[in-house]
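The values are calculated or read from the model by the stated rules, or taken from the named source; none is laboratory data. This is a predicted model, so every value here is computed, not measured. As a convention, Cβ positions derive from the backbone with ideal geometry for all residues, glycine included, and neighbour counts pool all protein chains shown. Side chains are part of the model used for accessible areas, which takes the heavy atoms of the whole protein and leaves out ligands, DNA and RNA. Shrake-Rupley method; radii C 1.70, N 1.55, O 1.52, S 1.80 Å.
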Amino acid sequence: MAEFWTGYGLPTLIILAQILGVVIVVLIAMAYLTYAERKVIGFMQLRLGPNVVGPFGLLQPFADALKLMLKETVLPTGANRGVFMIAPVITFSLALVAWAVIPFDDGWVIADINVGILYLFAISSLSVYGIIMAGWASNSKYAFLGALRSAAQMVSYEVSIGFVIVTVLLAVGSLNLSDIVRAQERVWFFIPLFPMFIIFLVSALAETNRAPFDLPEAEAELVSGYNVEYSSITFALFFLGEYISMIVMSAMTSILFLGGWLPPFAFAPFTWVPGVVWFALKIAFILFVFLWVRATLPRYRYDQLMRLGWKVFLPFSLLWVVVTAGALIAFDWLPT
């Protein structure tokens, strides 16, 4: 028994404790992201937002969670029940498993694999399946149209996201997320790769179905889209998945362009602050941009959304890959 705990049991328990710690932190962050969104948009629209449940409304996310858990789960008569119930679980699970490879600080990562960026790209690509399954299984035209919109939108913007990632990988020479952060010790990549930083940020909005690209959930014409037939805990899982995906994309933006856990300046007092705090602050800043955009910009038409992805972002990101590769070769800046 002692040999078992030394060889297998103890490392397994450590990994499980790490996973549990990350899941709890992410879920709490997601809960208060909903609170921050309502407060930020409220202030931008000259109103208060949540301010009744708890001091300053701080317990509002838990009241919302309790309400959703206590409601009845309604299954539409014509729905495919198995697929209908599995779809939100897939969306939520994929949003959580992405955190396995994200480094919070130097050495603070559950799985420090050498293809971490490809793992994240694959997980973000798979998330469309949960939405397609929900739209089809609901047996509703509104839900089906929302799922089709989401599939086309996510596929369109994943192409430009892929070229942005290729540009960063050319500059780093590694697919490991920790190596990408360490490569930015001298200069954060958002400075030399600023156009790709903007493309990635806008594509992240489209990838997570956030305003002004929230066409799959357009209330005006699709009555909430692919999740229109969902209620109680199944709707909550979609809600959790969307907001956790926002945090994941903000973490990816921080790692690829804002130096991850690195401080903005390599001298005191900036170096006294733990790296995980810098990482959290950068994620919070990107999330604020998400909320700011939602409160500011109107929703795009669908043809405008597709034109931006295919006729603007795709050719420009491809051109920037060629320019970056040419500059690296011409000036002998290729990473070793």
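Restricting attention to region 270-287, the residues being open to solvent by 80 Å² or more (accessible area, probe 1.4 Å) and either in contact (Cβ under 8 Å) with a residue 60 or more places away in the chain or under 11 Å from Ser250 (Cα atoms) (or both) number 2.
Any idea which of Leu118, Leu193, Leu175, Leu169 is more than 29 Å from Pro76 (Cβ to Cβ) and crowded, with 21+ Cβ neighbours inside 10 Å? Exactly one residue qualifies, and that residue is Leu193. Restricting attention to region 76-88 and to residues that are loosely packed, with under 14 Cβ neighbours inside 10 Å and either part of a helix (DSSP H, G or I) or touching a helix residue (DSSP H, G or I) at 6+ places or on another chain (Cβ under 8 Å) (or both), the residue that is modelled with the highest pLDDT turns out to be Gly82. Selection of region 146-197 for residues being within 13 Å of Phe121 (Cα to Cα) and either touching a strand residue (DSSP E or B) at 6+ places or on another chain (Cβ under 9 Å) or of a type in the set (Gly, Ala, Ser) (or both) yields Ser160, Gly162.
Being open to solvent by 40 Å² or more (accessible area, probe 1.4 Å), at pLDDT below 90 and assigned to a helix (DSSP H, G or I): is that true of Glu229 here?
The answer is no for Glu229.
Taking region 301-317 as the range and being open to solvent by less than 80 Å² (accessible area, probe 1.4 Å) and over 20 Å from Leu193 (Cα atoms) as the test, the residues that pass are Tyr302, Asp303, Gln304, Leu305, Met306. Mind checking which residues of region 122-146 are over 23 Å from the mean Cα position of the chain (by Cα) and among the aromatic types (Phe, Trp, Tyr)? The answer is Trp136, Tyr142, Phe144. Here Phe331 passes the criteria (1) farther than 25 Å from Ala206 by Cα; (2) touching a helix residue (DSSP H, G or I) at 6+ places or on another chain (Cβ under 6 Å) except the one numbered (2). Among the residues of region 54-72, those identified as open to solvent by 50 Å² or more (accessible area, probe 1.4 Å) and either over 30 Å from Met154 (Cα atoms) or of a type in the set (Ser, Thr, Tyr) (or both) are Pro55, Phe56, Leu58, Leu59, Phe62, Leu66, Lys67, Leu70, Lys71, Glu72. Just a yes or no: is a residue in region 127-143 closer than 30 Å to Leu281 by Cβ and either open to solvent by less than 50 Å² (accessible area, probe 1.4 Å) or in a helix (DSSP H, G or I) (or both)? So far as region 127-143 goes, yes, one or more of its residues are closer than 30 Å to Leu281 by Cβ and either open to solvent by less than 50 Å² (accessible area, probe 1.4 Å) or in a helix (DSSP H, G or I) (or both).
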